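These notes are about the structure you will find just below.
The values are calculated or read from the model by the stated rules, or taken from the named source; none is laboratory data. Everything numeric here is computed off the predicted structure, so don't read it as measured data. Positions of Cβ are backbone-derived with ideal geometry, glycine not excepted, and every protein chain shown enters the neighbour counts. Remember, those area values only see protein heavy atoms, side chains included, never the ligands or the DNA or RNA. Shrake-Rupley method; radii C 1.70, N 1.55, O 1.52, S 1.80 Å.
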Amino acid sequence: MSVQRRRGAASSNTVLAPSSARFEEKDERKIAYDPEETARGVGSENKPLLTLMEEVLLLGLKDEEGVLSFWNDSISYVLRGCIMTELALQGKISMINDPLRRQHALSERKVEVIDDRQTGEVLLDETLDLMKKSEPMSVNSWIDALSGETWNLSKIGYQLKQVRERLCKGLVDKKICRTEKRSYILFDMATHPVVDFSAKHEIVSRLHHLIDSSTFTPDFANSKWFPNRLPLRTLRAVCLATSAHAANVLENMYANVSYDVRDTAFLKTDEMLLDFSEYPFVLRNSNPWETSVFNAVNDEIDSSMQTRLEVIAAVLQTYTQLDSVV
């Protein structure tokens with residue numbers, strides 16, 4: 001039971017791109033993460049140590065090999081969606097606050113930058129710069145443009161290049177992974193084995209807490225990776241679970257369990273995806289688990305966040321357009 005590429009979307013190579021030349025470069029410039037910006041407190045009041053896209057990628061990485069599955073054909077598109085979600089969670093973007101927007105479907109509402117201060121994460125800041133220079137576009141159009149899947153020739157230059165490699169470099173900068181050079185018969189490739197398993201273990205534990213409970217309680221463990229001070233903790237966990245499922249990496253943490261347990265986890269994640277892919281959020285089933293997750297998210301949010309939450313719902317809505325079980 002897996003999520004596949006969007007119907008009609010161009011396929012992409014899901015293996016980390018060969019980068020032997022890049023591996024030999026002596027330039028130590030940070031291409032994915034600027035620790036000096038973070039040390040100065042840029043966005044530190046509302047950002048975690050790992051971004052949503054880094055967490056999804058880390059779930060997908062094989063611990064020792066340091067590569068993604070050769071057969072994953074969804075993660076590239078989902079990572080661009082995670083960029084939009086992360087910007088909304090950090091209060092950087094929102095739907096244009098025009099009462100007339102409600103006349104349009106969620107997928108057609110335009111997005112604007114509401115806080116252009118740098119985050120210290122290069123992919124986020126690069127996207128913010130693109131959005132500031134562009135005319136307003138919908139969430140779906142932005143994800144297509146960032147993925148290079150747009151038919152609008154004027155937006156071809158908006159494609160973010162080497163996203164997975166740059167995210168892996170960010171994980172290396174944060175001392176979670178290391179970089180190795182491996183030979184694959186015809187070419188050399190940079191791989192990124194995990195060296196600090198605390199982050200990945202915390203992510204897996206957080207997802208198990210969210211998905212596998214019979215009745216959810218928002219008492220996530222406090223850690224440097226997911227501190228208590230972090231806003232919207234339950235909503236962020238929901239976004240991680242649904243993004244990981246759409247990117248076909250959630251199954252990695254259920255690889256050694258029975259089919260019934262795995263099937264139940266995927267069905268519950270699909271339920272979350274449907275509940276939070278509209279705004280206002282909609283509770284479709286009244287079972288104790290789904291109701292408790294829904295109530296926990298509603299307890300975190302308020303009316304001032306509405307236009308930001310619409311962006312998050314629109315991103316999740318794009319995931320429902322993938323070939324999936326939902």
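With respect to the numbered conditions (1) open to solvent by 10 Å² or more (accessible area, probe 1.4 Å); (2) in contact (Cβ under 8 Å) with a residue 40 or more places away in the chain; (3) among the hydrophobic types (A, V, I, L, M, F, W, C); (4) not in a helix (DSSP H, G or I), which one is the sole condition not fulfilled by residue 226?
(1)
Would you call residue 42 modelled with pLDDT under 95 and touching a Leu at 6+ places or on another chain (Cβ under 6 Å)?
no
Six or more apart or on different chains, Cβ atoms under 9 Å: show the pairs whose first residue is in the range 269-292 and more than 19 Å from residue 245 (Cβ to Cβ) and in contact (Cβ under 8 Å) with a residue 12 or more places away in the chain and whose second is among the small types (Gly, Ala, Ser) and buried (at least 18 other Cβ atoms within 10 Å of the Cβ).
Between residues of the range 269-292 that are more than 19 Å from residue 245 (Cβ to Cβ) and in contact (Cβ under 8 Å) with a residue 12 or more places away in the chain and residues that are among the small types (Gly, Ala, Ser) and buried (at least 18 other Cβ atoms within 10 Å of the Cβ), the close pairs are 279/313; 279/314.
Keeping to the range 117-144, report how many residues are of a type outside the set (A, V, I, L, M, F, W, C) and free of Cβ contacts under 8 Å to residues at least 40 places away in the same chain.
Going through the range 117-144, the residues of a type outside the set (A, V, I, L, M, F, W, C) turn out to be 117-121, 125-127, 129, 132-136, 138, 140-141, 144.
If we keep only those that are free of Cβ contacts under 8 Å to residues at least 40 places away in the same chain too, we end up with 125-126, 129, 132-135, 141, 144.
Going through the range 117-144 one residue at a time, the tally reaches 9.
Would the range 72-88 turn up any residue that is closer than 26 Å to residue 173 by Cβ and touching a Pro at 6+ places or on another chain (Cβ under 8 Å)?
no
Looking only at residues in the range 162-188 that are of a type in the set (A, V, I, L, M) and either free of Cβ contacts under 8 Å to residues at least 12 places away in the same chain or out of contact with any strand residue (DSSP E or B) (no Cβ under 6 Å at 6 or more places or on another chain) (or both), which one is surrounded by the most Cβ atoms within 10 Å (Cβ to Cβ)?
167
Residues are listed down the side, and each one gets a yes or a no for (1) modelled with pLDDT of 95 or more; (2) touching a strand residue (DSSP E or B) at 6+ places or on another chain (Cβ under 9 Å); (3) surrounded by fewer than 19 Cβ atoms within 10 Å (Cβ to Cβ); (4) among the aliphatic types (A, V, I, L, M):
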{"residue": "231", "(1), (2), (3), (4)": "yes, no, yes, no"}
{"residue": "238", "(1), (2), (3), (4)": "yes, no, no, yes"}
{"residue": "242", "(1), (2), (3), (4)": "yes, no, no, no"}
{"residue": "247", "(1), (2), (3), (4)": "yes, no, no, yes"}
{"residue": "256", "(1), (2), (3), (4)": "no, no, yes, no"}
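Could you tell me which residue of the range 284-326 is modelled with the lowest pLDDT, considering only residues that are aliphatic (A, V, I, L, M), more than 17 Å from residue 89 (Cα to Cα) and in a loop (DSSP other than H, G, I, E, B)?
325
Of all residues in the range 179-218 being in a strand (DSSP E or B) and acidic (Asp, Glu), which is modelled with the highest pLDDT? Give the derivation first.
First, pick out the residues of the range 179-218 that are in a strand (DSSP E or B): 180-184, 187-191, 194.
With the extra rule that they be acidic (Asp, Glu), the set shrinks to 180, 188.
Details: 180: 93, 188: 77.
Top of the filtered list is 180.
Looking only at the range 264-297, filter to residues that are in contact with a helix residue (DSSP H, G or I) (Cβ under 9 Å, 6 or more places away or on another chain) and more than 27 Å from residue 107 (Cβ to Cβ); which one of those is surrounded by the most Cβ atoms within 10 Å (Cβ to Cβ)?
The selected residue is 265.
Within the range 57-78, restricting attention to residues that are surrounded by fewer than 23 Cβ atoms within 10 Å (Cβ to Cβ) and aromatic (Phe, Trp, Tyr), which residue is modelled with the lowest pLDDT?
If we take residues in the range 57-78 being surrounded by fewer than 23 Cβ atoms within 10 Å (Cβ to Cβ) and aromatic (Phe, Trp, Tyr), then 70 is modelled with the lowest pLDDT.
Condition first: open to solvent by less than 10 Å² (accessible area, probe 1.4 Å), closer than 20 Å to residue 278 by Cα and modelled with pLDDT of 95 or more. Can you find one or more residues in the range 105-112 that meet it?
Yes: the range 105-112 contains one or more residues that are open to solvent by less than 10 Å² (accessible area, probe 1.4 Å), closer than 20 Å to residue 278 by Cα and modelled with pLDDT of 95 or more.
Provide a single number: the residues in the range 240-258 that are hydroxyl-bearing (Ser, Thr, Tyr), part of a helix (DSSP H, G or I) and farther than 19 Å from residue 86 by Cα.
To start, the set of residues in the range 240-258 that are hydroxyl-bearing (Ser, Thr, Tyr) comprises 242-243, 254, 258.
Keeping just the survivors that are part of a helix (DSSP H, G or I) gives 242-243, 254.
With farther than 19 Å from residue 86 by Cα added as a condition, the list becomes 254.
Summing the residues that are hydroxyl-bearing (Ser, Thr, Tyr), part of a helix (DSSP H, G or I) and farther than 19 Å from residue 86 by Cα in the range 240-258 gives 1.
Would you confirm whether or not the range 79-96 contains a residue that is open to solvent by 10 Å² or more (accessible area, probe 1.4 Å), modelled with pLDDT of 95 or more and over 28 Å from residue 250 (Cβ atoms)?
Yes.
One line per residue, one yes/no per condition, for (1) at pLDDT below 95; (2) buried (at least 20 other Cβ atoms within 10 Å of the Cβ); (3) more than 19 Å from the chain's Cα centre (by Cα); (4) in a helix (DSSP H, G or I):
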| residue | (1), (2), (3), (4) |
| --- | --- |
| 102 | yes, no, yes, yes |
| 115 | no, no, yes, no |
| 123 | no, yes, no, yes |
| 149 | yes, no, no, no |
| 155 | yes, no, yes, yes |
